[in-house]
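The values are calculated or read from the model by the stated rules, or taken from the named source; none is laboratory data. Quantities reported herein were computed from a predicted structural model and do not represent experimental measurements. Cβ atoms come from the backbone with ideal geometry, glycine included; neighbour counts cover every protein chain shown. For the accessible areas, the whole protein counts, side chains as well, though only heavy atoms, and no ligand, DNA or RNA atoms are used. Shrake-Rupley method; radii C 1.70, N 1.55, O 1.52, S 1.80 Å.
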Amino acid sequence: QSYNQATARLGMELGIETIQDNLRLLGVERAQPTVPSMVLGAGGLSPLDITRLYQTIAAGGFRLPLHTIRDIVDVRGEILRRFPLNYDRVVSLQAMHLLHYALREVVQEGTGKGVYRYLPKGFAVAGKTGTTNGNRDSWFAGFSGDLLAVNWVGADDNRETGLTGAGGALKVWSHFMADASRVSLDYRVPAGIDHYWIDESTGALSGKKCEGARLVPFVPGSQPNERSACIKKKNGILEWFRELF
């Protein structure tokens, strides 16, 4: 019944090497182990590594090198040297939109929903909790419309903290964003995205008035083909009426 097993199987189906290639595109420079548990976070990453990764996600698929210094100025404020903003699109806008959708769902009704104990309900953000074995590491990474922040809570000697991602790092992240962020995440649907009603329990195509139906974005052609029992029932009634007349 573990989601981790399903995620590991999905990683194997997609190809661990393919996932590693995409991590490098997103900005992860540290080598990751070629094992199924890599998709669960088995490889070690620093807060800076995670920030590089999420910077590309927050920027809609544009990879921007991180800098601690933007300009060097003299005593009069005249710029002596400026570090230009260089960026490359490494992931499609449509793929990033699907990821933004998933990360917004995490904070709305998933493990990250605790952020709204500190942020206004209408202030849109996206993010993800992270917890390692034994609760040794507590993570939260997320972004609003103007800020990206990554928090790690743990002990230098790697002992257990007793904190999950939601119980530790999420609180630090939320307090910071509540004070510092001023712009809600602008969630716009780009061209090349279709929406379908999906049955939450089966993942099959459903209908707006069907129980447990959720409107989900898809890249055209990637939507499921299987139809839910609700749709089959409606189609069956329609066919019955057609035969009558």
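Heavy-atom accessible surface of F62, to the nearest 10 Å², is about 60 Å², with a 1.4 Å probe and all protein chains retained.
Name the GluC sites (Glu not before Pro) in the range 27-136 that are in a loop by DSSP and that have at most 15 other C-beta atoms within 10 Å, would you? All intermediate terms of the calculation are to be shown ahead of the outcome.
Values: sites: E29, E78, E105, E109; in loops: E29, E78.
The qualifying sites are E29, E78.
Quick one: work out the % antiparallel among DSSP beta bridges in the chain, nearest 5. Each step should come with its number before you reach the end.
On the way: 25 of 26 bridges.
Just about 95 percent of them are antiparallel.
Once you sort the root eigenvalues of the Cα gyration tensor of the range 103-216 as a ≥ b ≥ c, which label holds: rounded (a/c under 1.5), prolate (a/b larger than b/c) or oblate (the other case)? In terms of gyration-tensor shape, oblate.
Accessible area of E17 (1.4 Å probe, protein heavy atoms only, ligands and nucleic acids ignored): about 110 Å².
Near D186, within a Cβ-to-Cβ distance under 15 Å, what is the net charge of the other residues, with Lys and Arg +1 and Asp and Glu -1?
Numbers: positive: R104, R182, R188; negative: D146.
Overall, the nearby charge balance is +2.
By the helix-only formula, in which each DSSP H run with n ≥ 4 contributes -39500 (n - 2.57) and the sum is divided by residues, the chain has a 222 nm mean residue ellipticity of -10500 deg cm²/dmol.
Give me the accessible area per residue for the range 23-99, probe 1.4 Å, as a whole number in Å².
Working: 4950 Å² over 77 residues.
About 64 Å² of surface per residue is accessible.
Relative to the longest principal axis of the Cα atoms of the chain, helix 93-109 runs at roughly 90 degrees. Of (1) 7, 28, 30, 18, 9, 4, 3, 1, 0; (2) 7, 23, 32, 22, 9, 4, 2, 0, 0; (3) 7, 31, 38, 19, 4, 0, which one was derived for P(r) over Cα pairs in 10 Å bins from 0, in percent from the structure shown? The value matching this structure is (2).
Quick one: which of 123-130, 84-91 comes out on top by average Cβ neighbours within 10 Å, and what's the full order, highest first?
The most tightly packed comes first, giving 123-130, 84-91.
Residues in the range 197-211 carry Karplus couplings, in order, of 7, 10, 6, 4, 7, 10, x, 8, 4, 9, x, 4, 9, 7, 5 Hz; the curve used is 6.51 cos²θ - 1.76 cosθ + 1.60 with θ = phi - 60°, and Gly or Pro positions show x.
When a 1.4 Å probe is rolled over the protein heavy atoms, the share of accessible surface on the chain that falls to carbon and sulfur comes to 53 percent.
Using the Cβ of I79 as centre and a radius below 14 Å, the other residues enclosed give a net charge of +1, where K and R count +1 and D and E count -1.
Estimate the FRET efficiency between S46 and K113 by the formula 1/(1 + (r/R0)^6), using the beta-carbon distance for r and 41 Å for R0, to the nearest 0.05. Don't jump to the answer; show the numbers that get you there.
Working: r = 27 Å, r/R0 = 0.65.
The value I calculate is 0.95.
When nucleic acids and ligands are ignored and a 1.4 Å probe is applied, M177 ends up with an accessible area of around 0 Å².
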